[in-house]
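Report on the following structure.
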Amino acid sequence: MAKRILFFKLGALGDVLMTTPLVRAVRKKYPQAKLDYLVGKSSAVVLKSNPHLNRVLTFNENVFTKKQVLGYAQLLYRIRKGHYNVIFVLDKHWSFSLLAALTRIRSRYGFKRDKINFNTYNISRTPPLHEINYYLALAKPLRITQENFHLDLYLSKEDEAHAKKVVKQPYVALINSGGENYAEVGGVRKLPDKLFKEIIAHYARKGRVLLIGGPGDKKIGRAHV
């Protein structure tokens, strides 16, 4: 029986959110198990207050993106200390599966990577499916199914109180911040500035507009209002 389960993923925000149906399904199957999620620091916020997890553990993404050998060894030691008997390796690159294998966790569920496989159970990335379906497929050996694919994003009471304080009337909320993270820069997933400005102007004629984003979005946001 799975008693100590670890979900392991580098990031990013949207990708981590798409793993939450898997987390929810595993919790339903094993209500008494200890479920931990080990994730890159910049993506941990979307798991905050998730009631299906016992702990959210973080690590510096540079361990993988910059191939830090010492950090890799420290991460390996941290996982071993958890004494997990099941790990879901939620990244596709073989280096994550190798780390999981080195932890000596007996049951390791991950993605097939050409001829390099270190997991005890692998699923193929073909045929093409939605990412949520790929993640859920990892749980099939445990006879876990999930029909509800909605994503879990929970707000703390402090977050809700802050939102109510800042947003006191209806707004149209717009965000144009995709593709800026530890592994991707340049805003390749963002709308062009000209188009985004036109969208803002369109909704501003109908009511108040609220622009949402991170610190790096403030400059362009101010230019559009």
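Filtered by the rule that a residue be more than 19 Å from Val56 (Cβ to Cβ) and part of a helix (DSSP H, G or I), segment 129-156 gives Glu131, Ile132, Asn133, Tyr134, Leu136, Ala137, Lys140, Pro141, Leu142. In segment 63-83, how many are in contact (Cβ under 8 Å) with a residue 60 or more places away in the chain and either open to solvent by less than 20 Å² (accessible area, probe 1.4 Å) or part of a helix (DSSP H, G or I) (or both)? Final tally of qualifying residues: 3. Every condition in (1) in a loop (DSSP other than H, G, I, E, B); (2) out of contact with any strand residue (DSSP E or B) (no Cβ under 9 Å at 6 or more places or on another chain) is met by Asn50 except one, and the failing one is (2).
Conditions tested, residue by residue: (1) of a type outside the set (Val, Ile, Thr); (2) in a strand (DSSP E or B); (3) at positive phi.
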residue: Gly14; (1), (2), (3): yes, no, no
residue: Pro21; (1), (2), (3): yes, no, no
residue: Leu35; (1), (2), (3): yes, yes, no
residue: Val39; (1), (2), (3): no, yes, no
residue: Leu57; (1), (2), (3): yes, yes, no
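Please work out if Phe88 is open to solvent by less than 50 Å² (accessible area, probe 1.4 Å), out of contact with any His (no Cβ under 6 Å at 6 or more places or on another chain) and free of Cβ contacts under 8 Å to residues at least 60 places away in the same chain. In short, no. Of the set (1) surrounded by 11 or more Cβ atoms within 10 Å (Cβ to Cβ); (2) at pLDDT below 90, all apply to Phe118 but (2).
The values are calculated or read from the model by the stated rules, or taken from the named source; none is laboratory data. Only a predicted model underlies this, so the values are computations on that prediction, with no experimental measurement involved. Virtual Cβ from ideal backbone geometry, glycine too; neighbours counted across all protein chains shown. Only protein heavy atoms, including side chains, enter the accessible area calculation; ligands, DNA and RNA are left aside. Shrake-Rupley method; radii C 1.70, N 1.55, O 1.52, S 1.80 Å.
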